Amino acid sequence: MTQSATLEVEGMTCAACAGRVERAARAVPGVTGASVNLAMKTLHADFTGTPDPAALAAAVAKAGYGIGQTETALTVDGMTCASCVARIERALTAWPGVTGAEVNLATGTAVAHHLAGSVTPGELAAVIRKAGYEATPVHKDSVPVSVRHAEEASRLARTLALSAALTLPVFLIAMGAHMVPGVDRLIMASIGMQGANILQFVLTTLVLAFPGRQFLVHGIPALLRGAPDMNALVALGAGAAWAYSTVATFAPGLLPAGAVQVYFEAAAVIVTLILLGRMLEARAKGRAGAAIARLLSLAPATAHVRRNGAVLDLPVEDLRAGDRIEVRPGERIAADGVVEEGTSWVDRSMLTGEPVPVESGPGAEAIGGTVNGAGALVLRVTRTGDDATLARIIRLVADAQGGKLPIQALVDRVTLWFVPAVMTVAALTVVAWLVFGPAPVIAHALVAGVSVLIIACPCAMGLATPTSIMVGTGRGAELGLLFRKGDALQRLEGARVVAFDKTGTLTEGRPAVTEVTLAPGTGMDVLAIIAAVEARSEHPLARALVAEAEGRGLALPVAEGVTARPGLGVTATVAGQRVAVGSARLMAAEGVDAAPLAAAADRLAAEGRTVVLAAVGGRPVAVIGVADPVKPTAAATIAALHAAGVKTALISGDSEATARRIGAALGIDHVVAGVLPEGKVAAIAALKAEGPVAFVGDGINDAPALAAADVGIAIGTGTDVAIETADLVLMSGDPAGVASALALSRATMRNIRQNLGWAFGYNVLLIPVAALGLLNPMLAAGAMAASSVIVVSNALRLRRFGRGT
């Protein structure tokens, strides 16, 4: 039977490319035919047997073309423990074309990484359904995690109420005599012992058939597939107690003398207590994932849009870039934009963590979801939909919450075999009691075996890490600390050195020109030429030079062929002459002798100024001193990092004198100055001798260093290139966020270790206690239900981080 595979191919530009890809594909064993759609950039291959997308991708790569990688997110229902997580991941990664998978028990989601075009979201959902779970591909309008958990908690509350109502009479009949003397005589005098047993049978059967049906429906098929999970343990435990009691009630002659006892109350109470635990767990998980729900609530539903001379109230989904919207006092800003009219103070605290509102006037950027103050504003919309800041933040938080930490790898290996191991222990326990136990041996063996099955809790193991990540990254988002990758939490905790860029990171990034020294025979018009070259640059120094020229009333000429030289400066052509503006290294690279201006440059550097040199037509024309004040929180940030046992470093492209002056003023341990972007990478490599390094930067020239560091931290006010390269984004642009992020990562990892310690310790200690017959199955059920709730509740403590409690 012929089967096919389709892949998206990158790098094809012509029919010759298509031919090469087709020939490479046809050479793969098992491929009977291959065709390329150049317009769609896809390769379709037919196989005689099971398709092998990986072999196909390897052949195409060998031919010199790339295969696109993508990922698909799915919501998964029916997962109850870490064994479910391992089983789904194993099923997904075994599917052709899938290169990796992460499943998150806390969020109820799965992410499959696969070769683009090799598999559809529907096929991936079918793979998960075949493994015994319900799955749905995630769409833009999918229900948020916190809402799903709230709905699950409501459903479980209704199920629990029914289960409790049916279980209470069973419990009172079985245990009433232990609480109220004479209850047993009352039962005997009214309905008799056999009547009481039959009543317990009916009620317990109803408990298992309706509220407890979920354990049977999921647990028994999992058991038959040879892949038991938490539901299987509950189904076996409660089912064994019910079956033994049913035989004792209706066929007591099949049991040895002295062994005719009923344990209906154990079966009913097991189901009820575990339902209680799951309901509390769902509520707690909903609170753990509330960060995204709060972010979603920031987006207003409508906007006041100026169109065709009128102001219309339109859904924000209908906004387009270029629209002009009115923002009235006290309203939330509907979309990202630039202020064109009006002045107001805008509260950004819910997105950036900044406690003080920011003044916004014409030309200022506004962020959708923030709250306007007392003034009225008119904005020109710049970004909408998925490109908007709020949408990107939500996406970053969701990605981080769904990530897996390296510490989770050990948990995954253990939990994959945990349930089978527990079942083996339970079986050995029953055998041991049957062989060595006192009379009635069957009753004792049943109680011990059921207790072992019920006390075991892989749920707590599975929730220990993802729940803490979910709460920790969510709390970070509230504080303006966006972890782009969940594993950055663990890597940041281990950082022993934090290195900073200078301009815009430790300094305000709003430098001003303090002095302009011209070469002999040069007029101030060269400042206009310098500003023209810098006019299109994002660098703070460039903005300072342009502002100085404009402040002097100089008209800027046209600059052509503007080329940014990262770490050096910028070059261009103005009026037919080559212009270079930047560091002394740029002058040397351009063959310019800057000796006539060296004395002025050295003096400015000694005063802590940033020195900018300029040359026109190969001749030095000016040296400009620029001062950039240090951010008010910079010194406190360095002190906080030192108090946390972390060393600090300053890595800057600025002059040695300027960098060392600022480093000394802030108390920074290591200063590396005068380096290009690749020099920053080398400096980070050298610092790694002291341990893992985190680097904090904000500019284009910081992107290589951010990528080279163990943890890259971008100042949120920086460039998109820096933010996209980083592992962590500080939305407020305040370096104090570095110390907060380090403290949060340590608190989160400490919380994870507490959870894992509890989850593993609980099982290691109580499974032997249950095997020795020292635990009643009902107590075992209560302990098991409580264990997951304890783990999630401990994770929720992270919501108080930074609140002084």
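The values are calculated or read from the model by the stated rules, or taken from the named source; none is laboratory data. Keep in mind that this is a model prediction, so the values were computed, not measured. Cβ placement follows ideal geometry from the backbone for every residue including glycine, while neighbour counts extend to all protein chains displayed. All accessible areas refer to the heavy atoms of the entire protein, side chains included, with ligands and DNA or RNA removed. Shrake-Rupley method; radii C 1.70, N 1.55, O 1.52, S 1.80 Å.
Where the accessible area of the range 527-673 is counted over protein heavy atoms with a 1.4 Å probe, how much of it, in %, is carbon and sulfur? Intermediate values should be presented prior to the final figure.
Details: 3450 of 6210 Å².
Accessible surface attributable to carbon and sulfur in the range 527-673 totals 56 percent.
Which percent of the accessible heavy-atom area of the range 1-143 goes to carbon and sulfur, probe 1.4 angstrom? The partial results should precede the final answer.
Values: 3460 of 6390 Å².
Roughly 54 percent, rounded to a whole number.
Got the relative contact order for the range 440-574 handy, in percent, Cα pairs under 8 Å and 6 or more residues apart? If you can, show how the numbers build up before the last one.
Details: 91 pairs, mean separation 19.7, N = 135.
Value for the range 440-574: 15 percent.
Reported to two decimal places, what Rg/Rh ratio describes the range 1-118 when computed on Cα atoms with Rh from the Kirkwood expression?
Values: Rg = 16.3 Å, Rh = 15.2 Å.
In the range 1-118, Rg relative to Rh is 1.08.
Taking only C-alpha pairs under 8 Å that are 6+ residues apart, what is the relative contact order of the chain in percent? Mind dumping the intermediate values first?
On the way: 1670 pairs, mean separation 94.1, N = 805.
Relative contact order for the chain comes out at 12 percent.
Using 15 Å as the cut-off for backbone N distance, which residues of the range 518-552 belong to the label zone defined by a point 7 Å from the Cα of Q577 along Cα→Cβ?
Residues 518-533 qualify, since their backbone N sits under 15 Å from the label point.
Amide H of S652: which non-local residues (sequence gap of 5 or more, or other chain) have their own amide H closer than 5 Å, using H built in the peptide plane?
Distant-sequence amide H within range of S652: V672, A673, G674, V675.
Taking the Cβ-Cβ separation of E365 and R619 as r and a Förster radius of 41 Å, what is the calculated FRET efficiency to the nearest 0.05? The partial results should precede the final answer.
Working: r = 39 Å, r/R0 = 0.96.
Efficiency for this residue pair is about 0.55.
May I ask you to compute the full-extension gain from A27 to V247, defined as 0.36 nm times their residue separation minus their alpha-carbon distance, rounded to one decimal in nm? If you can, show how the numbers build up before the last one.
Numbers: separation 220, 0.36 × 220 = 79.20 nm, distance 6.53 nm.
Gain on extension, A27 to V247, equals 72.7 nm.
For the pair A58 and D386, what calculated FRET efficiency results from E = 1/(1 + (r/R0)^6), where r is the Cβ-Cβ distance and R0 = 41 Å, to the nearest 0.05?
Numbers: r = 33 Å, r/R0 = 0.80.
My answer for the efficiency is 0.80.
Cα gyration tensor of the range 501-595, axes a ≥ b ≥ c as square roots of the eigenvalues: rounded (a/c below 1.5), prolate (a/b > b/c) or oblate? Intermediate results must be reported in sequence, preceding the final value.
Values: a/c = 1.39, a/b = 1.15, b/c = 1.21.
Since a/c stays below 1.5, the shape of the range 501-595 is classed as rounded.
When you count, for each residue, the other Cβ atoms within 10 Å and take the mean per peptide, how do 762-773, 743-754, 246-257 rank with the highest first? Please report the intermediate quantities before stating the final value.
Working: 762-773: 18.1, 743-754: 20.4, 246-257: 13.3.
Descending packing order for the listed peptides: 743-754, 762-773, 246-257.
Would you please classify the overall shape of the range 637-687 from the alpha carbon gyration tensor, given that a ≥ b ≥ c denote the square roots of the eigenvalues, rounded means a/c under 1.5, and beyond that prolate means a/b larger than b/c while oblate covers the rest?
Values: a/c = 3.23, a/b = 1.39, b/c = 2.33.
Because a/c hits 1.5 or more and a/b fails to exceed b/c, the range 637-687 counts as oblate.
DSSP beta bridges in the chain, what fraction antiparallel, as a percent rounded to 5? Walk me through the intermediate numbers first.
Working: 89 of 107 bridges.
Percentage antiparallel, nearest 5: 85.
If I model a spin label at A664 and A598 as a point 7 Å from the Cα along the Cα→Cβ vector, what separation in nanometres do I get?
In this crude label model, A664 to A598 measures out at 2.3 nm.
Taking the Cα-to-Cβ direction at A689 and at R395 and moving 7 Å from each Cα, how far apart do the two end points lie in nm?
4.2 nm
What shape does the range 562-607 have by the C-alpha gyration tensor, where a ≥ b ≥ c are the square roots of the eigenvalues, rounded means a/c under 1.5, and otherwise prolate means a/b greater than b/c and oblate the rest?
On the way: a/c = 2.34, a/b = 1.72, b/c = 1.35.
Judged from the Cα gyration tensor, the range 562-607 comes out prolate (a/c at least 1.5, a/b above b/c).
Please give the per residue accessible area of the chain, computed with a probe of 1.4 Å over protein heavy atoms only, in Å². Could the numbers behind the result be given before it?
Values: 33060 Å² over 805 residues.
In whole numbers, the chain has 41 Å² accessible per residue.
Output the peptides 663-669, 500-506, 209-215 sorted from most to least packed, where packing is the average of other Cβ atoms within 10 Å over each peptide's residues. If you can, show how the numbers build up before the last one.
On the way: 663-669: 17.9, 500-506: 26.1, 209-215: 19.4.
Highest to lowest by the protection proxy: 500-506, 209-215, 663-669.
Hey, which of these cross-link pairs are over 31 Å Cα-Cα: K485/K631; K485/K688; K485/K680; K62/K688; K41/K688? Mind dumping the intermediate values first?
Working: K485/K631 27 Å; K485/K688 21 Å; K485/K680 23 Å; K62/K688 35 Å; K41/K688 42 Å.
Correct reply: K62/K688; K41/K688.
L410 to R320: extension gain in nm, 0.36 nm per residue of separation minus the Cα-Cα distance? Display every interim value, and only then the final one.
Values: separation 90, 0.36 × 90 = 32.40 nm, distance 4.80 nm.
Result for the pair: 27.6 nm of gain on full extension.
What GluC sites (Glu not before Pro) in the range 434-517 are in a loop by DSSP, with at most 11 other Cβ atoms within 10 Å of the Cβ? All intermediate terms of the calculation are to be shown ahead of the outcome.
Numbers: sites: E478, E493, E508, E515; in loops: E508.
Qualifying residues, ordered by number: none.
Multiply the residue gap between A643 and T563 by 0.36 nm, knock off their C-alpha separation, and tell me the result in nm, one decimal place.
Values: separation 80, 0.36 × 80 = 28.80 nm, distance 4.31 nm.
Stretched fully, the A643-T563 segment lengthens by 24.5 nm.
How high is the FRET efficiency from R307 to M524, r the C-beta distance, R0 60 Å, rounded to 0.05? The partial results should precede the final answer.
Details: r = 47 Å, r/R0 = 0.78.
About 0.80, to the nearest 0.05.
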